[in-house]
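These notes are about the structure you will find just below.
The values are calculated or read from the model by the stated rules, or taken from the named source; none is laboratory data. In this text, all values refer to a predicted model and were calculated from it rather than measured experimentally. Ideal geometry is used to build each Cβ from the backbone, glycine not excepted, and the neighbour counts take in all protein chains shown. When the accessible area is computed, the model is the full protein with side chains, heavy atoms only, and any ligands, DNA or RNA have been set aside. Shrake-Rupley method; radii C 1.70, N 1.55, O 1.52, S 1.80 Å.
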Amino acid sequence: MITTATIPVFDVCALRKQFPVLEREVKGKPLIYLDNAATSQKPAVVIDALVQYYTGYNANIHRGIHTLAEEATAAFEATRETARHFIHAAGREEIIFTRGTTEGINLVAYTWGRANVGKGDEIIISAMEHHSNIVPWQIVCEEKGAQLKVIPVDDAGELIMEAYEKLLSDKTRLVAITHVSNALGTVNPVKQMIRLAHKAGALVLVDGAQSTVHLDIDVQDMDCDFFVCSAHKLYGPTGVGVLYGKKHVLEAMPVFQGGGEMIKEVTFEKTTYNELPYKYEAGTPNIADTIAFKTALDFIEQTGKEQIRQHEHELLQYATAALETIPGLKIIGRAKEKTSLVSFVIDKVHPQDIGILLDNKGIAVRTGHHCAQPLMQRYGIPGTIRASFAAYNTKEEIDELLLGLEKSIKLLV
C-alpha cells in the first residue's frame, strides 16, 4: 500500500552519487535510465562487495576448513539470513538460492509440479503473467494431461476476481500469480487470492520479481506456499535469486538437480540427500554475486524502503500526468494499485521506433511485449513503451523523457 505520509529526508542527489553508471553519457547525452523493471543499476557498495570477495577471500564454500573457505561460507550464509529477514520467512532453511525468478519457478514446476499434478488437474495463472510464469506450467500440463486456466484482465489492467473465484475448484492444484505486473505495474491482491486458493485446497506460488523492490514482503502474513524473486531487480547482481517455500512443502518435494551440496551420502546403491536448504542447491553456487546480494538488501534497508516507495510514487504520479498531455498517447494499465511503472502506446508510431530515437538522446526505456505476449494480445497491440522508475530517478529526467517523446513524435508522424 502506498502511503501519503510526507517523508522528511530523501536526498536523491546524494543517492545518485552512489551509482557510478549514472555518471556516464550515452551518445553524447547524460544517461537517463528508465528501464528499472528490466534490471536496476548497482550502487558502488555492491560493486565493491564483488571486488572484495575476489580480492580478499575467494574460495569455495561449506566444506573447506581453511580460513578463506570459512570466510566465504560465513559471508554466503549471511546473505541467506538477510534475505530471510527481508521477506520475513520463518527460517533460513526456507530460503533457496537460485539463478533468479525464472529458475525458481522452473524448480517448483519440475519438482513439486511433476510430483503433484496429474491428469485432469488444473493450474491457474493470469493473463498478465511474464512468460517465465506461463511456460513452465504449460510444460507440466502437457506432460501430465492437466489443464492451464487463465484469470482474465479488465481494460484497466486489473484481474477480474469474480472470474478467478469461478476458476477455483477441487481440481485446482496450484495458483501461480505475479505480485506485480512487469508490463502494467498492477499490484495484484495476492493475500486475498491465496486465501481463496487455500480454501479450494490449492497451493500458491507468488512471482515477486517486480514487487520485492517496491513493496514490503511478508511471506508468513501473505501465507504463500512459494515466493520467488531476483537480486538484479533489487540493486543487486544478476544471476542470483531466492526461492522461498514453506518448510514442510520443500521437505516433501523431490530434488531438482544432483551433485555437490545437495548430497549427504553417496554409494553406488543409493544416495541420501542433504537437508534444507542445501537439498536444492546442487554444485558450486554463484558465491560472489550471492554475497554481494546481501549488500544490495542492506542498501535498500539503510536507504529506507518507505522513503524509496514514496519517492517512486511521486515519480509515477508526475510521469502519468505529464504523459497524458501528449496527443495520441494512451497509457496501458490504469489499475488503482500500481508500482512505479508506466506503459504506453502512441498513435501511428511503433514502440521500437520511439525507443531508438530516445536512445539517441541518452534515454533508456524498454519497448516491445516485455515477455508478456498474451497480455499484449489482450489489448490488441504489438507492444508498449515502458518507463520504470527507481530510487535514483528524478522529475527532471521525466521532463527530458517528455521532451524526447515530443521530438520523436514530430519526426515519426
> Across region 85-111, what is the total count of residues that are of a type in the set (D, E, K, R) and open to solvent by 50 Å² or more (accessible area, probe 1.4 Å)?
Replying inline: 2
>> Among the residues of region 194-237, what is the count of those that are aliphatic (A, V, I, L, M), within 26 Å of Asn36 (Cα to Cα) and either at pLDDT below 95 or touching a Leu at 6+ places or on another chain (Cβ under 9 Å) (or both)?
In response: 5
> within 30 Å of Ala74 (Cβ to Cβ) and either touching a strand residue (DSSP E or B) at 6+ places or on another chain (Cβ under 8 Å) or not small (Gly, Ala, Ser) (or both): does that describe Thr295?
Replying inline: yes
> Hey, does region 165-178 have a residue that's among the β-branched types (Val, Ile, Thr) and out of contact with any helix residue (DSSP H, G or I) (no Cβ under 9 Å at 6 or more places or on another chain)?
Replying inline: no
> Which residue, of Glu81, Glu71, is under 27 Å from Asp218 (Cβ atoms), assigned to a helix (DSSP H, G or I) and open to solvent by 20 Å² or more (accessible area, probe 1.4 Å)?
Replying inline: Glu81
> How about region 17-63: which of its residues are among the polar types (S, T, N, Q) and assigned to a helix (DSSP H, G or I)?
Replying inline: Gln52, Thr55
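Per-residue answers, yes or no, for (1) farther than 28 Å from Arg16 by Cα; (2) of a type in the set (D, E, K, R):
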| residue | (1), (2) |
| --- | --- |
| Ala319 | no, no |
| Leu341 | no, no |
| Asp359 | no, yes |
| Pro374 | yes, no |
| Arg386 | no, yes |
| Glu400 | no, yes |
>> Which residue is farthest from Leu341 (Cα to Cα), if the candidates are limited to region 130-186 and must be open to solvent by 10 Å² or more (accessible area, probe 1.4 Å) and small (Gly, Ala, Ser)?
In response: Gly145
> When you look at Ala49, is it within 30 Å of Gln210 (Cβ to Cβ) and surrounded by fewer than 16 Cβ atoms within 10 Å (Cβ to Cβ), yes or no?
Replying inline: no
>> For region 241-253, check the following and say yes or no: at least one residue is under 19 Å from Asn58 (Cα atoms) and over 25 Å from the mean Cα position of the chain (by Cα).
In response: no
> Only one residue in His232, His214 is within 14 Å of the chain's Cα centre (by Cα), assigned to a helix (DSSP H, G or I) and surrounded by 16 or more Cβ atoms within 10 Å (Cβ to Cβ). Which one?
Replying inline: His232
>> Looking at Val9 and the list (1) modelled with pLDDT under 95; (2) farther than 17 Å from Gln302 by Cα; (3) open to solvent by 70 Å² or more (accessible area, probe 1.4 Å), which single condition is not satisfied?
In response: (2)
